[in-house]
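Contents: one structure, followed by commentary.
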Amino acid sequence: MINLLVDVMMKVSRPLRSKTGITILVAGLALLTLTSWSLQSEELDPNQIKFPNQFASWEATVEQDESEDMLAQYPASIILWAGSSFAKEYHSPRGHQFAVADVTHTLRTGVAVAEGDKGLSASCWTCKTPDAPRLMKQMGIEGYSGANFVDLGREIKSVVYCSDCHVDGSAELTLPRPYAQDAMAKIKLPFDKQDSTMQGAQVCGQCHVTYYFQPEKSNKVNIPWIFGSTADDIEKYYDTRRFYEWIHPISKTPILKARHPEFEHWSRSTHAKKGVTCITCHMPQVSDDKGQTFTDHKVAGAMDNFDKTCISCHSSKTALAKKLDNAKNDINERARNLELLLVKAHYEAKAAWDAGATWPQMNDSIMAIRHAQWRWDFAMASHGLYAHNPKEGVALLSVATEQITYGREALARILAQLSVTQVEYPDISTKQTAHAAIGFIEADAIKAKQAFIKDEVDKHWHPVAKTGY
Ligand code: HEC
Ligand code: HEC
Ligand code: HEC
Ligand code: HEC
């Protein structure tokens with residue numbers, strides 16, 4: 001096609017000296033550029049040609065474009081996460097196709113940093129794109145994690161993709177992220193030794209898992225499972241290392257942060273024991289119009305799949321939906337009560353510090369805040385906990401409630417010793433009042449973000465960073 005066009009152009013524009021000749025040449029060149037551009041953009045992905053059903057369903061996650069503003073739903077979390085970027089913006093997850101665009105646009109990842117500043121680690125790209133394992137290979141793991149998030153933005157060209165879960169160009173499953181390979185070995189489930197059922201869950205577990213950035217190793221991603229993957233095991237690991245994510249600006253607590261421990265919660269569920277995995281519920285077998293069965297790659301809500309999967313063990317959709325609803329309400333109610341206690345504890349600690357309390361006096365209550373908030377977070381950050389493992393969810397929240405009650409009793413004794421009779425608590429009735437309490441001005445952050453998007457992302461980043469915006 002292109003050769004033919006060049007040929008015709010050369011012939012027609014031979015009388016170059018004439019004005020028409022030049023016009024024809026210019027018009028021809030323009031057409032040539034346009035044609036080769038459109039040929040390029042229509043160029044099919046080899047995975048699309050080879051596996052059209054899997055590809056089309058993978059692409060269809062773009063239809064799941066809704067997410068909820070979690071800070072508006074429970075503004076108390078703004079106080080609990082004060083001092084970290086989680087207090088700025090936090091939305092519930094949506095379809096895989098948005099992963100790169102959402103991490104680009106969230107206020108959490110901020111804007112480009114000033115020359116000489118380190119800023120946010122590139123590790124934030126790790127669970128969004130197959131470009132992350134590619135860059136780890138090219139730059140070395142610590143070369144990648146030591147780089148700045150914004151500086152690698154122009155390198156990101158695809159979103160949660162075939163090669164994140166498959167050996168490229170085939171159906172064989174794999175874990176391209178080295179830290180995930182290590183983590184599965186730590187809990188004695190090395191990927192290579194598992195059957196395809198467990199391997200299916202493990203590919204999801206590369207990203208749907210809790211992690212932290214290792215400060216002593218250039219912020220590389222690590223999954224803290226040396227002692228095991230329960231909240232107690234992970235807490236023991238962090239406590240032994242005296243690790244913390246940030247010092248809470250109100251109470252001076254060294255805070256631990258959980259991130260979406262879906263794999264952990266699922267792994268201890270009744271379903272896991274029966275061999276029911278993420279794939280059974282979120283990626284069921286379906287058939288195309290020719291009757292060919294394939295795995296549905298439109299990873300979405302599981303209740304929509306009731307007739308394809310749950311029905312083999314649960315007889316009534318209504319009954320199951322009601323069970324889920326009850327579990328969700330129960331967990332939410334316990335969490336909302338606990339948050340109020342945690343917020344109070346942070347301010348009671350502040351009042352004690354302000355009145356001259358010392359570390360030997362405060363140690364027990366500060367550790368109680370750390371441990372209670374860790375369990376609250378390990379439950380709250382786990383999307384779908386009420387479906388995946390409601391029993392563990394309730395247990396986490398009740399232990400946390402006991403811990404914070406103990407911590408507040410200790411604080412009450414310290415406050416009495418210091419003759420403090422009144423503690424000021426913040427207004428956390430809305431996202432706005434809670435933001436005001438920690439001195440965060442959302443409008444300013446949005447303005448700075450918009451300028452960054454316009455100057456950097458719109459001009460220099462791949463369109464995948466704009467999906468949905
Ligand atoms: C998030 C992980 C993930 C991504 C991304 C992903 N797959 Fe899969 N894929 C799976 C899992 C899990 C299975 C089921 C494997 C099993 O049960 O043995 C599967 C199965 C398959 C199969 C086997 C046939 C079938 O339908 O069961 C093919 C082929 C396939 N995927 C192609 C693709 C292609 C092409 C892409 C990219 C457009 C892709 N996959 C993206 C996880 C993924
Ligand atoms: C490479 C990392 C990665 C892998 C692998 C991965 N996910 Fe995700 N997943 C994400 C991210 C990031 C989001 C949130 C995207 C957003 O909100 O922009 C997400 C969102 C989701 C959602 C929410 C969808 C919605 O519409 O609300 C579900 C469900 C989900 N993933 C399940 C799975 C399952 C099941 C697997 C394994 C087959 C899997 N994920 C594998 C990163 C990953
Ligand atoms: C027994 C079936 C089942 C299994 C197994 C399961 N899930 Fe879920 N998952 C659900 C249900 C039900 C929900 C609640 C939302 C809905 O109605 O689908 C959910 C919710 C989620 C969400 C939150 C979606 C959102 O938009 O808030 C994510 C993410 C998720 N699951 C990932 C996983 C991962 C990863 C695994 C494996 C480690 C897994 N799930 C195992 C049934 C299951
Ligand atoms: C292979 C059988 C099997 C399949 C498939 C299955 N479940 Fe279950 N499920 C069980 C068993 C067994 C239990 C525990 C006994 C009970 O509570 O009924 C259970 C319990 C539950 C519970 C109660 C809470 C809990 O974890 O104990 C929920 C909610 C649930 N399943 C949701 C689902 C959903 C949603 C699907 C489909 C997306 C599904 N299940 C698919 C076997 C299955």
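The values are calculated or read from the model by the stated rules, or taken from the named source; none is laboratory data. Every value quoted in this text rests on a predicted model; they were computed, and no experiment measured them. Reconstructed Cβ throughout: ideal geometry from the backbone, glycine too, with neighbour counts over all protein chains shown.
Restricting attention to the stretch 392-429, the residues that are assigned to a helix (DSSP H, G or I) and among the acidic types (Asp, Glu) total 3. Could you please find all residues in the stretch 284-322 being surrounded by fewer than 14 Cβ atoms within 10 Å (Cβ to Cβ) and either at positive phi or among the aliphatic types (A, V, I, L, M) (or both)? Hits for the stretch 284-322 are Gly291, Met303, Ile311, Ala319, Ala321. Among the residues of the stretch 323-341, those that are of a type outside the set (A, V, I, L, M, F, W, C), within 21 Å of Cys278 (Cα to Cα) and either in contact (Cβ under 8 Å) with a residue 40 or more places away in the chain or surrounded by fewer than 15 Cβ atoms within 10 Å (Cβ to Cβ) (or both) comprise Asp325, Lys328. Taking the numbered list (1) at pLDDT 95 or above; (2) away from ligand 1 (no atom under 11 Å from the Cβ); (3) out of contact with any helix residue (DSSP H, G or I) (no Cβ under 7 Å at 6 or more places or on another chain); (4) of a type outside the set (Phe, Trp, Tyr) in turn, Glu115 passes all entries but (1).
Would you call Val464 within 23 Å of Leu71 (Cα to Cα), of a type in the set (A, V, I, L, M, F, W, C) and assigned to a helix (DSSP H, G or I)?
The answer is no for Val464.
In the stretch 155-170, the residue that is farthest from ligand 4 (Cβ to nearest atom) out of those that are crowded, with 17+ Cβ neighbours inside 10 Å and not hydroxyl-bearing (Ser, Thr, Tyr) is Glu155. In the set (1) in a helix (DSSP H, G or I); (2) farther than 22 Å from Ser84 by Cβ, Gly356 fails one condition alone, (1). Can you tell me which residue is farthest from ligand 3 (Cβ to nearest atom) among those in the stretch 286-309 that are assigned to a loop (DSSP other than H, G, I, E, B) and among the small types (Gly, Ala, Ser)? Per the criteria, the residue is Gly291. For the stretch 140-154, residues that are buried (at least 17 other Cβ atoms within 10 Å of the Cβ) and either within 16 Å of ligand 3 (Cβ to nearest atom) or not in a helix (DSSP H, G or I) (or both) total 2. What about Arg177, is it among the basic types (Lys, Arg), away from ligand 3 (no atom under 16 Å from the Cβ) and over 23 Å from Cys281 (Cα atoms)? Against the criterion (among the basic types (Lys, Arg), away from ligand 3 (no atom under 16 Å from the Cβ) and over 23 Å from Cys281 (Cα atoms)), Arg177 does not qualify.
Of the residues screened, Val159 is one that is within 18 Å of the chain's Cα centre (by Cα), within 16 Å of ligand 3 (Cβ to nearest atom) and at pLDDT 95 or above.
Among helices (runs of 4 or more DSSP H) entirely within the stretch 62-139, having at least 1 residues that are among the hydrophobic types (A, V, I, L, M, F, W, C) and away from ligand 3 (no atom under 16 Å from the Cβ) singles out 76-80, 99-105, 131-139.
Within the stretch 270-283, residues that are closer than 13 Å to Ser196 by Cβ and of a type in the set (Asp, Glu) reach no partner that is in a loop (DSSP other than H, G, I, E, B) and away from ligand 2 (no atom under 13 Å from the Cβ) with beta carbons closer than 6 Å at six or more positions or on different chains. The set of residues in the stretch 154-166 that are within 16 Å of ligand 2 (Cβ to nearest atom) and either under 15 Å from Thr467 (Cα atoms) or basic (Lys, Arg) (or both) comprises Ile156, Lys157, Ser158, Val159, Val160, Tyr161. Looking only at the stretch 171-199, residues that are buried (at least 18 other Cβ atoms within 10 Å of the Cβ), under 29 Å from Asn53 (Cβ atoms) and in contact with a strand residue (DSSP E or B) (Cβ under 7 Å, 6 or more places away or on another chain) come to 2 in all. In the stretch 53-92, of all residues being farther than 30 Å from Pro249 by Cα and of a type in the set (Asp, Glu), the one that is surrounded by the fewest Cβ atoms within 10 Å (Cβ to Cβ) corresponds to Glu66. The set of residues in the stretch 318-337 that are near ligand 4 (Cβ under 9 Å from one of its atoms) and touching a helix residue (DSSP H, G or I) at 6+ places or on another chain (Cβ under 8 Å) comprises Leu320, Ala321, Leu324, Ala327. Residue count for the stretch 217-239 under the criterion of being more than 20 Å from Arg177 (Cβ to Cβ), surrounded by fewer than 18 Cβ atoms within 10 Å (Cβ to Cβ) and among the charged types (D, E, K, R): the result is 4. Select from the stretch 227-243 the residues that are out of contact with any Asp or Glu (no Cβ under 8 Å at 6 or more places or on another chain) and either among the hydrophobic types (A, V, I, L, M, F, W, C) or farther than 24 Å from Ala395 by Cβ (or both) and list them in ascending order. Matches in the stretch 227-243: Ala231, Ile234, Arg241, Arg242, Phe243.
Take the conditions (1) polar (S, T, N, Q); (2) surrounded by fewer than 21 Cβ atoms within 10 Å (Cβ to Cβ); (3) within 16 Å of ligand 4 (Cβ to nearest atom); Gln432 misses just one of them, which is (3). Any residue that is within 16 Å of ligand 4 (Cβ to nearest atom), out of contact with any helix residue (DSSP H, G or I) (no Cβ under 7 Å at 6 or more places or on another chain) and either in contact (Cβ under 8 Å) with a residue 12 or more places away in the chain or of a type outside the set (Lys, Arg) (or both) - is there at least one of those in the stretch 354-374? No, the stretch 354-374 contains no residue that is within 16 Å of ligand 4 (Cβ to nearest atom), out of contact with any helix residue (DSSP H, G or I) (no Cβ under 7 Å at 6 or more places or on another chain) and either in contact (Cβ under 8 Å) with a residue 12 or more places away in the chain or of a type outside the set (Lys, Arg) (or both). Looking only at the stretch 58-73, filter to residues that are within 12 Å of ligand 2 (Cβ to nearest atom) and in contact with a strand residue (DSSP E or B) (Cβ under 9 Å, 6 or more places away or on another chain); which one of those is farthest from Lys298 (Cα to Cα)? Step by step, filter the stretch 58-73, then rank; the result is Met70.
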